[in-house]
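Here the structure comes first, spelled out in structure tokens, and everything after it is commentary.
The values are calculated or read from the model by the stated rules, or taken from the named source; none is laboratory data. Everything numeric here is computed off the predicted structure, so don't read it as measured data. Ideal geometry is used to build each Cβ from the backbone, glycine not excepted, and the neighbour counts take in all protein chains shown. The accessibility values were calculated without ligands, DNA or RNA, using every heavy atom of the protein model including side chains. Shrake-Rupley method; radii C 1.70, N 1.55, O 1.52, S 1.80 Å.
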Amino acid sequence: MTIRRDIAELADKGLLNRVHGGAVTTSTLLSEPLFSVKSQMDIGLKDAIAQEAVKYVAPGDVIAIGGGTTAYVFAQHLLESQQSSGITILTNSIPVAELVQALESKDVEVIVTGGVITRSNSLVGPIADKVVASLRVNTVFLGTHSVSIPRGFLMPNSLEAATDMAMMDIADRTIVLTDHTKWSCTSLSLFARFDQVDTVITDDGLDPDSAAKTKDLVKELVLAHQTEPTEESE
């Protein structure tokens, strides 16, 4: 009870944000919440974005999936769909690799980059970048920590940003998956400009001004509709 009161008091002062299971810092420039914390945030938005993203995969594709919880939710939906038939997934996300490993079907092949583990359970650094550079994929699906107009897409970890850039370099198409809250924060390391990204998939909670500016900068902007939860799901 004492911890709960302390968290409530700090949240009232704007020094942290309360989330399911605890709290995260309000500083968005350098900090990265743990994967277990982030996975509890904005679940409905991530589901809506993931369902749209699955449409960009065809059976037999070779794709790359980056780190982060939105990319993880996308992988969940993809592996439950018919589009996952015969695909190969290159990933630097430990949770995504574990998802594929847990499949009863062996129709999906996964290649893991190796590297240094981040707070978001991603593998980054020179080892990861070297593995990535030796391969080629049809499409890469990446999350982002923040969206900055007109700069582009950023991460708090410079090594993770470099690995994301390496995956973009080997992809014929780059798709960024991010919910609308990422337009209201900033971060340290730029990994992609708007003109380097083919498609941005976000949710329809993005404010009209940000949506209009983003649409002018990126090749394609998709606004996924979040369905209202039913009483049973609540």
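What does the accessible area per residue of segment 85-152 come to in Å², with a 1.4 Å probe and no ligands, DNA or RNA counted?
Averaged over the residues of segment 85-152, the accessible area is 46 Å².
Over 19 Å between C-alpha atoms is what I'm after, so list which of Lys46/Lys213; Lys182/Lys213; Lys46/Lys182; Lys182/Lys215 land there.
In this structure, Lys46/Lys213 exceed 19 Å between Cα atoms.
What value in Å³ per residue do you get for the convex hull of the alpha-carbon atoms in segment 36-224?
Normalising the Cα hull of segment 36-224 by residue number yields 99 Å³.
For the ranges 131-141, 206-216, 85-95, what's the packing order if you count other beta-carbon atoms within 10 Å of each residue, average per peptide, and put the highest first?
The densest-packed peptide leads the list: 85-95, 131-141, 206-216.
Take the solvent-accessible surface of the protein heavy atoms, probe 1.4 Å, and return the percent of it on segment 85-147 that carbon and sulfur atoms account for.
Accessible surface attributable to carbon and sulfur in segment 85-147 totals 56 percent.
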